[in-house]
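Working notes, beginning with the structure itself.
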Amino acid sequence: MRGTTWKLLGVAVCVAAAGVLIGFYVSALTQENGSPSYSVPVQTSNGHPVVHLTIETVAAVGPKLSPGSPDFVSYLIMEKGQWKRDTVWRVPANATVHVTIYQFDGDSGLRNPYLARPEGIDGNVEMVDGKPLDAIDPADASHTFAVPAYHLIVPLPGVADNAKNQCGYAPCAMSNAHHTITFTFHTGAKGHYRWQCFVPCAAGWLYGFGGPMQTIGYMDGFLNVV
Amino acid sequence: MSSIAVEARPPVWRRLVGFNLLTGILLGIVGWYAGWYLAHAIHAASLDYFADIDFNELSIVLAYIFGVIGFLVGLGFLNYPFARLRGYPPTLREKETGGIGRYFGLCTDHKVVGIQYLIGIGLFLFVGGLNAMLIRVELLRPNHQVWPAGTYLTLVGIHGTMMMGIMTSGILGPFGNYLIPLLIGARRMAFPRIEALTFWMLMAGGVILETTIFFGGFPTGWTGYAPLNIQANAGMDCYIIFFALVGISMCLLGLNMIATIVTMRAPGLTWTRLPIFVWGVLSTSALMVLSAPVLIATLLMALLDRTAQTNFFIPSQGGSAFLYENLFWFFGHPEVYILALPGFGIVLELLPVFARKPLWGYRLAVAGMMGVSLLSFFVWQHHLFVSGINADVRPFYILSTELISIPTGFTFLCGMMTLWRGRIRYTVPMLFALSWFFNFLIGGLTGVFLSDAPSDVTTHGSFFSMAHFHYTIMGGLVFAFFGGIYYWVPKMTGFQLNERLGKMHFWSMFILFNLTFFPLFIAGLLGQPRRVVTYPQSLQFLNDWVSVCAFLLGTSMLLFLYNFVKSLVFDRIPAPANPWGSKSIEWQLPSPVPVHNFDRIPVFSGDPYGYGERSAPVAVPAGAPAGRD
Amino acid sequence: MSAPPHTPQPGSGWTVHAKRVLVAWIVLSAVATPLVWFLLGPALPPGKGSVQAAGQVFDNTVLVAFVTPIISLLVVFFVYVLTQFRADPSAELVDGPPMRNDSTVQTTWVAVTSVAVLFLAGFGTYELLKDGAGGGQGPAPIAKVSGRNLQVQVIAQQWEFTYRYPSYGGLETSQLVLPADTTVELHVTSLDATHSFWALQLGVKADANPGEDNIAYVQTKGARSFDIHCAELCGLWHGYMYDTGHVVPASQFTAWIKQQQQVFASVAKYMPRYSTIYYPDPQRRGG
């Protein structure tokens, strides 16, 4: 009888240890490559939902926003006056989305020059520092904001290499050299749509597409249209 | 358990100090940090020559290499070579007495290693299965992120790599090591230390693969295609180290098996008297020895591409993505037969016992396994039918691939004719052996669609091919693995497994396995590619069905675990020496088998399948005890 | 435990069982094979969206019809054997007849499987060489398809397919639109990792490798839309690399090209000359 008690105890310990390990494993997986979701505040105009996204792109995300990988290139989004590294955005369906992007990074150049042309946005024209452009020089591209399921792509020109007062680690100040890009697009049906960058901007990784380009929370995210 | 008297035991703390698992883990951790700091030290030296090296990668690679070395040193693998260098006489065996402690360290008793393998492989089988469950959680909804998209790929990668890596030794590890010396009338394997080494390398590898989640995972699946694997996060290095360790372990395991079977057969055990399982092991070992080095070389190139920035697989720099694909599948296709062939052996070994008839067509069965083994080296480009390389040799690969059905058909014929007019007993091991025919039939015939290049255009890279290899590997290998467990564990442990729970396990596993994987053929044909995190809305019902069945299949595995623990830890009903009425030699020995197997080397007078022919056992290990070998 | 030696049964036992199995097999095959051919066959993927897809459906139908008798044989055999030859579990162990071999059975089996395999290989080869079956054939295809020909390049990149039409001034688009009743020569290549272009209903699959040109032929039929997937794991967004393509009547195709050319005009001057392969710069160093 005493033997059975000890055995039961041993089995209980093993089951508990397995449970702890599995719990640890699952929670580690949930956090890895993840990004918190940000519900973009919704306004209404004529009964039609309108949202404003204010985004910036930075050459290095910095130890404050990403202690593990401070050198990763990244998108940041303005949430209640704070720049946050959240790349999963909740927006309403059939809404008008006004986007403002502050572009602080230098150029990397597009591998496929075709992607240097804005598409899927109002008028297929993006405003760069107030000037309307229907294409940028592919060699000047620093990043793109693209939602392939919408056939939406907006190339973002990089800050010139010789520009003064370039931004180092994020968050960047408005006094740092940057371009301001604005455009408008419309969300469609509900669903989860990925967005990504098409410029090979992850320096040091093969084809410029590793690391931050393959980790949600830096150059990739979701538009969760609800 | 042991027939050798156990000496007076020192206190517990004293037994924990020395070369054992604990020391191994400690030295492993020490080695890990040593490697890490070594890479950083090279980096800090800032020599121009090393400027191109990726030090993030290098530090992880060196850390793991040194960690593994530390682990093996801690287990005591260097003690013997050093003892020899210092002039001590050679010994063949070590640490074979000492109760339960033998199972937690280097032990050269093949029976201990077999049981270590059984438990170790079983653990990683469950870890791999857990990952499969997590994959199916994600696929409950067409487009919803339970796991972040990158994590999903990591899960797919860990599941595939774990199963394809660890399970290569799934039958040769536990049953091969435990049974081969018994079946051929030997007292040990040819290289007992190497035997132990293969096991501990595999265990180190399994843990290393899991640690990939701390380094960002890896996005490539088990195939690890270049150049994606060179682009991938540091987690990829864990994959490379894992698979390289598996490759080395596999190669050594196969070598050991071949050496043992060729050189250590007892008198009278001619080639035509070998149990058919031994032939299964032999044909598999040939594949292991010949294909694993290719894998190791491929991974070394990938490792150099990642760390030293060489260009073996970078197209614009003189390398080629095709090179990786060809090297990988030159290993990869024999690899899937490494998984399948031991299953052939176990099934054909079990059928005569439970049909009470001799194995029908012994030579044909041997030819079948050897034929599969040989042909599997000539089919690898059927994985590349639509890749654009060598389009004009596709007819050859169609032919060579389909030729494999001929030797596979031998196995079917021998099995079927053995059952014909037999006296079939539906024991749990027999049920697993019989279900193998159903599963492998489906797996084999769907393989016809994949081997046929026109049909492969649609089925390649889809859930169809995924369902196909789950039918052959899970339906073939894992079912045979469980058949082997129910059949031989009473011999290995000396205790019975509960028959009723075993039958419940079998039926739930068999039915749920088919309910899980058959619909995946349809999902593939309807256009669901492999390894996708999203799928069309129209496929949700199929995927939900599969997920639910997969969860129940997982539960069925827990039923096995319950049976295993209940029977072996709690009930402990002693098994009779020969519960199945087998004529094979291992069943003529006491359960569990004594440390030195045979008091006297047996003399064989026939094969173990003499059912209905004569009542005398095949070999009689009798007489006075002999000295140690 | 030793079983008494088996007492031989009358020789008729063998033939009676064999005859029953044989008759049941022939009946089952005779019923199942036509059912499979006529009922399941037309429903088989990938559908008849193109000549190549229809060829695959025929190929699949032949294969399914071919394996039906094999499955029937095994089903009949196992059902018969497992029900007729079971031992009484409560009785003492009795051995079966010590049959060890039968050269007639062996020879027949080996001969039949060999013929079957050779037929399959021959049939597959014929179907493959007829029109390429929609598969990627590398830079020098052996199964060429002539006819009204349109060249379209499929450029895979992480993580989107774009398409170039060299006969329309190197026009590049982000959507795939093809004219109906045309032989399309697809040149599939990649700018980074290995991808695979899969147009399900057209029966096309071709790997996209960096620096490699992989040609696949497809003869379109009537207007329809089709699903495009990436069928080779290519990184983070592999599962999201899908789209819908369209086959449209020739007039509509011309109009679509015109409209695309206007959209394309703004980047036309930046485009490199059309080439069947592009060597992507690895861009590893730096940062």
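What follows is calculated from the coordinates using simple rules that are stated; it is not laboratory data. This structure is a prediction, so every number in the text was calculated from the model and none was measured. All Cβ positions, glycine included, derive from the backbone under ideal geometry; neighbour counts span all protein chains shown.
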About the Cα centre, charge dipole magnitude for the protein assembly as shown (Lys/Arg +1, Asp/Glu -1 at Cβ), debye
3640
So what's the gap between the Cα centers of segment B:357-377 and segment B:250-303, to the nearest angstrom?
16
Please compute the modelled spin-label separation between C:Val27 and B:Tyr426, points set 7 Å along Cα→Cβ, answer in nm with one decimal.
2.3
Given H placed on each backbone N at 1.01 Å, which residues far from A:Ile216 in sequence or on other chains put an amide H within less than 5 Å of it?
B:Gly150
Excluding B:Asn256 itself, calculate the net charge of residues whose Cβ lies under 11 Å from the Cβ of B:Asn256, where each Lys or Arg counts +1 and each Asp or Glu counts -1.
+1
Work through the residues other than C:Gly170 whose Cβ is under 13 Å from its Cβ and net out their charges, Lys, Arg +1 and Asp, Glu -1.
+2
Among B:Pro81, B:Val127, B:Ile115, whose Cα lies farthest out toward the positive end of the dipole of segment B:67-139, if unit charges sit on the beta carbon of Lys, Arg (+1) and Asp, Glu (-1)?
B:Pro81
Unit charges on C-beta of K, R, D, E only; dipole of chain B, Debye:
2240
What is the set of long-range amide H partners of C:Tyr242 at a cut-off below 5 Å, with H atoms built 1.01 Å from backbone N?
none
With the Cα gyration tensor of chain A giving a ≥ b ≥ c as the square roots of its eigenvalues, does the rule (a/c under 1.5 for rounded; else a/b larger than b/c for prolate; else oblate) give rounded, prolate or oblate?
prolate
FRET efficiency for A:Cys14 and C:Val75, Cβ-Cβ distance as r, R0 = 60 Å, nearest 0.05?
0.90
Residue exposure sequence - B:Ile171, A:Ile121 - by fewest surrounding Cβ within 10 Å
A:Ile121, B:Ile171
Other residues with Cβ under 15 Å from the Cβ of B:Met163 give, with Lys and Arg +1 and Asp and Glu -1, a net charge of +1
Check A:Phe198: other-chain or 5+ apart residues with amide H under 5 Å from its amide H, H built from backbone geometry?
A:Thr144
Per the charge dipole of the protein assembly as shown (beta-carbon charges, Lys/Arg positive, Asp/Glu negative, Cα centre), the residue among B:Gly461, A:Val20, B:Ile240 reaching farthest to the positive end is A:Val20
Just for segment C:149-268, what percent of DSSP beta bridges are antiparallel, to the closest 5?
70
On Cα atoms only, tilt of C:12-35 relative to the major axis of chain C in degrees:
30
Hey, if you put +1 on the Cβ of every Lys and Arg and -1 on every Asp and Glu Cβ in the protein assembly as shown, which of B:Pro148, C:Met99, B:Tyr535 ends up farthest toward the positive end of that dipole?
C:Met99
Of all DSSP beta bridges located in the protein assembly as shown, what percent are antiparallel, nearest 5?
70
Under 12 Å between alpha carbons, and skipping anything fewer than 8 positions from A:Lys7 in its own chain: which aspartates and glutamates qualify?
B:Asp571
Virtual spin-label span in nm between B:Ser538 and B:Arg363, 7 Å along Cα→Cβ
5.5
In the structure shown, of B:Lys503/B:Lys566; C:Lys130/C:Lys221; B:Lys357/C:Lys19; A:Lys80/A:Lys164, the pairs separated by more than 23 angstrom at the C-alpha atoms are A:Lys80/A:Lys164
Cα convex hull of segment C:126-269: how many Å³ per residue?
108
Residue-averaged [θ]222 nm for the protein assembly as shown, counting only DSSP H segments that reach four residues, each worth -39500 (n - 2.57):
-15500 deg cm²/dmol
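With both partners inside chain A, how many of the DSSP beta bridges are antiparallel, as a percent to the nearest 5?
Restricted to chain A, the bridges split so that about 65 percent are antiparallel.
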Using the alpha-carbon atoms, what tilt in degrees (0 to 90, nearest 10) does helix C:51-84 show relative to the longest principal axis of chain C?
20
Using the 4.7 Å Cβ rule, please list in number order the cysteines from chain A without any candidate partner.
A:Cys14, A:Cys197, A:Cys201
Could you work out the mean projected area of the convex hull around the alpha carbons of chain B, in square nanometres to one decimal?
29.7
Measure up C:Lys205/C:Lys269; C:Lys48/C:Lys144; A:Lys190/C:Lys258 against 27 Å on the Cα-Cα distance and list the ones that go over.
C:Lys205/C:Lys269; A:Lys190/C:Lys258
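Only Cα pairs under 8 Å and at least 6 apart count here; give the relative contact order of chain B as a rounded whole percent.
14
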At 0.36 nm per residue, and after removing the present C-alpha to C-alpha distance, how many nm does the segment from C:Gln252 to C:Lys130 gain when stretched out fully?
40.9 nm
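Using a Förster distance of 56 angstrom, determine the FRET efficiency expected from the C-beta separation of B:Ile100 and B:Tyr37, and round it to 0.05. Can you show the working numbers first?
Numbers: r = 37 Å, r/R0 = 0.66.
In this case the efficiency is close to 0.95.
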Helix A:2-31 against the longest principal axis of chain A: what's the angle in degrees, Cα atoms only, rounded to the nearest 10?
0
Are there any helices in chain B, counted as whole DSSP H runs, that stretch 30 Å or more along their axis by Cα and score at least -1.0 on average by Kyte-Doolittle, and if so which?
B:21-45, B:110-138, B:235-263, B:276-307, B:321-355, B:428-451, B:499-525, B:540-565
C:Ala111 to C:Phe38: FRET efficiency via 1/(1 + (r/R0)^6), r the Cβ-Cβ distance, R0 30 Å, to the nearest 0.05?
0.50
Less than 14 Å apart at the alpha-carbon level, and either on another chain or at least 8 residues along: which aspartates and glutamates does that give for B:Lys111?
B:Glu94, B:Glu96, B:Glu195, B:Glu586
